[in-house]
Amino acid sequence: MNWKNQPAGVLGSLLLIHLLAHVDRNMLLGFSPQIVADLQISHTQYGFLVGAAWVLSFGVMAVVLGSLADRYSRTRIMAAGVFVWSLCTWASGHARSFEDMALARFFVASGEAALVPAAMSLLAELFSRQRLGSALGVFFMGIPLGVGCSFLLAGTLGASQGWRWTFYALGIAGMAVAALLASLPDRRSDLAPQDRGAPPGQQWRTVRDALRSQPALGLLITGFVLLNLLFAGLSFTQLWLVRERGMEAATVATRIGALQLVFGTLGSLAGGLLGDRLAHRLPGGHASVIALLIAVCAAPMVAYRFAPPGSALFYLGMCAGFFLPLATYGSANAAIIGMVPPQTRSTVSGLSMLCINLFAIAIGNLAAGKAVDLLTARGVTQPLTWVVLSTDLLALSAIVLFALAARLGRAQPPALHQTLRQAH
């Protein structure tokens, strides 16, 4: 039986793989106090590990592997990626220095770069445009589920077994998944030339032409990148709660994990469903849906940084912060890949991932870590508070870009698709 005739099964399988990817990716956050102390690294080095060390590989490889996924077998490309990142997750458990961990993280990122571009192209093939936002929302539930599970593992099993053993176990599990994924055929070579992706250079020129001809596409990608600065703040949230709000490390890890698990997952699912329901009703479509979500969540997110720990406002703002970024993933990605020809979906997804990881994750985390070190050296009280608040405000300013994108319209004219297809 053709596995592509089971879209729900494919979606569920991709969700599980995406969950595993984000468990592996975010274990460094879940174990941040232990790893920082064990490897004796600075805040700047920690910011490099969760930021620049990641994007130097992930960002570039997302574009490269995305263009290949438009041309060759998406399942084989994903399987190779799962194997590489799982092997290097296992190797992370052997790290004895900052340099060891940076090298392992570099190759974990390289493997994980294969997943999202190929998976988004596959889901866009299996689900109609009217249901794509919901399908992508389910797929991107892997982010909060993975982040939540990583913190829960760190606060429970990891607390008893240690961070090194946890990395070993995750690596072995991932390599087994890679073997299963490689067995699923995706024969792109059987397609007619016009239905396959072009060589990488031509693919990138096609995406470039789409960006030039559709200002709304550039605004969507830029706003999406800016909104992902919320994850730079999340990278330092556990350190902030422990050092400046007096909470206990294991308790914080478990609580963050549980809240991220519940409200991040709710955001991803609800945001995708809401986007599909409202996109055709609101002027500006998906961009208007995202702007509305930001407007609703902004006030409690800012207030929570100053609220007493344990208060109702504190938890309301924390939950809104976990809900918002994931609630935008289904709508943002559906809008972005809906504005380019089918043969370039993985390529434009890879470009979007490159921009997010370069500007929001790499530069955002490195700048945040550096800012904490500088403020601490100058004797500023509560430096972590000011840094995480700044990342929140920068991310929330993306509402302006989504509002502008909404004014320009949520979809390109049908004639432009034909023009791009002919250029392709």
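In segment 320-327, is there at least one residue being without any contact (Cβ under 8 Å) to a residue 60 or more places away in the chain, surrounded by fewer than 24 Cβ atoms within 10 Å (Cβ to Cβ) and either of a type in the set (Ser, Thr, Tyr) or touching a strand residue (DSSP E or B) at 6+ places or on another chain (Cβ under 7 Å) (or both)? Checking segment 320-327: not a single residue is without any contact (Cβ under 8 Å) to a residue 60 or more places away in the chain, surrounded by fewer than 24 Cβ atoms within 10 Å (Cβ to Cβ) and either of a type in the set (Ser, Thr, Tyr) or touching a strand residue (DSSP E or B) at 6+ places or on another chain (Cβ under 7 Å) (or both).
Here ASN333 clears all of (1) more than 25 Å from TRP54 (Cβ to Cβ); (2) surrounded by 23 or more Cβ atoms within 10 Å (Cβ to Cβ); (3) modelled with pLDDT of 90 or more except the condition numbered (1). Residues that are assigned to a helix (DSSP H, G or I) and out of contact with any Pro (no Cβ under 6 Å at 6 or more places or on another chain) within segment 318-331 comprise MET318, CYS319, GLY321, PHE322, PHE323, LEU324, PRO325, ALA327, TYR329, GLY330, SER331, listed in sequence order. No other residue among ALA334, ALA295 is within 20 Å of the chain's Cα centre (by Cα) and assigned to a helix (DSSP H, G or I) apart from ALA334.
In segment 110-148, the qualifying residues are those that are in contact with a Lys or Arg (Cβ under 8 Å, 6 or more places away or on another chain) and farther than 24 Å from GLY285 by Cα, and the one that is surrounded by the most Cβ atoms within 10 Å (Cβ to Cβ) is ALA118.
In the set (1) buried (at least 19 other Cβ atoms within 10 Å of the Cβ); (2) over 30 Å from LEU68 (Cα atoms); (3) polar (S, T, N, Q), the condition left unmet by GLN343 is number (2).
Modelled with pLDDT under 90 and within 22 Å of the chain's Cα centre (by Cα), is that true of LEU351? Spell out how you get there, then give the answer.
Numbers: modelled with pLDDT under 90: no; within 22 Å of the chain's Cα centre (by Cα): yes.
When the stated conditions are applied, LEU351 does not pass them.
In the condition set (1) crowded, with 23+ Cβ neighbours inside 10 Å; (2) within 27 Å of PRO341 (Cβ to Cβ), PHE151 is compliant with all but (2).
The values are calculated or read from the model by the stated rules, or taken from the named source; none is laboratory data. Quantities reported herein were computed from a predicted structural model and do not represent experimental measurements. Note that each Cβ is placed from the backbone with ideal geometry, even for glycine, and that neighbours are counted across all protein chains shown.
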